[in-house]
1. Select, from Phe250, Phe280, the only residue that is among the aromatic types (Phe, Trp, Tyr), within 16 Å of ligand 1 (Cβ to nearest atom) and out of contact with any helix residue (DSSP H, G or I) (no Cβ under 7 Å at 6 or more places or on another chain).
2. Looking only at region 283-331, filter to residues that are more than 18 Å from Gln352 (Cα to Cα) and without any contact (Cβ under 8 Å) to a residue 24 or more places away in the chain; which one of those is farthest from ligand 3 (Cβ to nearest atom)?
3. Looking at region 44-60, is at least one residue free of Cβ contacts under 8 Å to residues at least 40 places away in the same chain, farther than 29 Å from Arg113 by Cα and either open to solvent by less than 80 Å² (accessible area, probe 1.4 Å) or hydrophobic (A, V, I, L, M, F, W, C) (or both)?
4. Only one of (1) at positive phi; (2) crowded, with 24+ Cβ neighbours inside 10 Å; (3) within 14 Å of ligand 3 (Cβ to nearest atom) is not met by Gly279, so which one is it?
5. Which one of Thr405, Thr382 is open to solvent by less than 60 Å² (accessible area, probe 1.4 Å), out of contact with any Pro (no Cβ under 9 Å at 6 or more places or on another chain) and β-branched (Val, Ile, Thr)?
6. Filter the helices (runs of 4 or more DSSP H) completely within region 93-210 down to those with at least 1 residues that are under 17 Å from Cys241 (Cα atoms), open to solvent by less than 50 Å² (accessible area, probe 1.4 Å) and of a type in the set (Val, Ile, Thr).
7. Can you name every residue in region 5-40 that is outside any helix (DSSP H, G or I), modelled with pLDDT of 95 or more and either open to solvent by less than 80 Å² (accessible area, probe 1.4 Å) or among the acidic types (Asp, Glu) (or both)?
8. Just a yes or no: is a residue in region 72-94 in contact with a Ser or Thr (Cβ under 8 Å, 6 or more places away or on another chain) and over 26 Å from Ile10 (Cα atoms)?
Amino acid sequence: MAFELDGERIAAENHGRLAWLEEDYAHLGRQLMRRGVDIDKLTERVAAFRVSVPSWGVGTGGTRFARFAAPGEPRNVFEKIEDCEVVFKLVRTTPGISLHIPWDKPESPAELRAFAQGRGLFFDSMNSNTFQDQPGQDLSYKFGSLSHTDPAVRRQAVEHNLECLRLGVKLGARSHTVWIGDGGNFPGQVHFRKALDRYLESLRAIYAALPEGFRMFIEHKLYEPAFYSTVLNDWGTSYHCVRELGPQAFSLVDLGHHAPNVNIEMIVARLIQFGKLAGFHFNDSKYGDDDLDAGSIKPFQLFLIFNELVDAELSRVPGFDPAYMLDQSHNVTDPIESLATSAVELVRAYVQAHLVDRAALAAAQAENDALLALQALKQAFTTDVSPILGMARYRAGGAIDPLATYRSSGYRERKAEERPAEARRGAGIV
Ligand code: RM4
Ligand code: MN
Ligand code: MN
């Protein structure tokens, strides 16, 4: 029997922390009362918050220089799901899993679906991969996939996406995410307009095959692996494409896919306003697509993004239904710890955004009082909402202190014994 993090361990750890949590929660509750905020209502909102974890995030990541494998890594999709379940047990906000095909391609989709369901988990978004060549593949993606100059390569890439859709239906997924590596490394290499036309034509073929109830997400990225130009380079181009495609197509925002200092919260507001925000690949970055843990570098930016999201939620923008997903690469940390911590940081930003005094903010905006407007945001951002997060986890059966609980369980050490490295093959972890 594989070792599992059990509820008793979580309960025992919580036991020693509950008294102080209750004290802190009561104190914060009194503080918030002065601001006219009911802490329990906020805690209830947290209970409904969901963010999906990426199957590709539970293995150790790597850079183009090296990958330092850690002991106890998952060796196949079932073990990846076991690790996702640990994150879910600790924080309770992450029952959804995004899958990457063919990395996670199961022999039996029914078996995989049942395996996840038995753990209270489900599959959220399917992600296609036409940025790598797979063993035995007919044609190469070296010079592109959905936008390739050769129609045969485009057909192969479209067919791979259709395969993801068929698999997604069997797995009970509800969206399909397309990110391509297509682009150019040198000026002149790619004809910008022609490449976008070819890309759109391929997208149309995928969109036409979208199963009932499925949404299609396209993910723009400024650079990498193409270093001079990419075919879907920014949100404006993405917006154009999803409008061309139809009502089930949306623009996905990966926080690491923009130029440094770009105002991402404003991009989010625009996509909300235009009814085309798919949702997010949350992560954080200093320079490029660093795929660091959400909230680790620019927590204020994360808060400002959630400020837009909560504003849309509270003002009931029609059709507003973003999918929240993590997309991170863990090079120097235990992936379970990073994913759990990131999930917590998202909830933190969400709760803080709910603390914004929207009437005060609106009044300051109407009066052109820049300082008071900023203060309305800063007051919310600087409130330590940890007791709310801890209480929400506790009430949902999760860990008051996810990190300490995980470490004390010895999960990773046990997995290092159960999952010997030499047996790790074909795990699809890059
Ligand atoms: C890309 C992009 C995609 C992800 C791949 C692995 O940069 O963020 O979402 O699937 O990386
Ligand atoms: Mn991404
Ligand atoms: Mn990325």
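1. Going through Phe250, Phe280 in turn, the sole match is Phe280.
2. Filtering region 283-331 for residues that are more than 18 Å from Gln352 (Cα to Cα) and without any contact (Cβ under 8 Å) to a residue 24 or more places away in the chain, the one farthest from ligand 3 (Cβ to nearest atom) comes out as Arg316.
3. no
4. Here Gly279 clears every test but (3).
5. Thr405
6. 151-171, 192-208
7. Leu5, Gly16, Arg17, Gly36, Val37, Asp38
8. No; the residues of region 72-94 include none that is in contact with a Ser or Thr (Cβ under 8 Å, 6 or more places away or on another chain) and over 26 Å from Ile10 (Cα atoms).
The values are calculated or read from the model by the stated rules, or taken from the named source; none is laboratory data. Being a predicted model, the structure only gives us computed values, none of them experimental. FYI the Cβ positions are ideal-geometry reconstructions off the backbone, even for glycines, and counts take in every protein chain you see. SASA here: full protein model, heavy atoms, side chains in, ligands and nucleic acids out. Shrake-Rupley method; radii C 1.70, N 1.55, O 1.52, S 1.80 Å.
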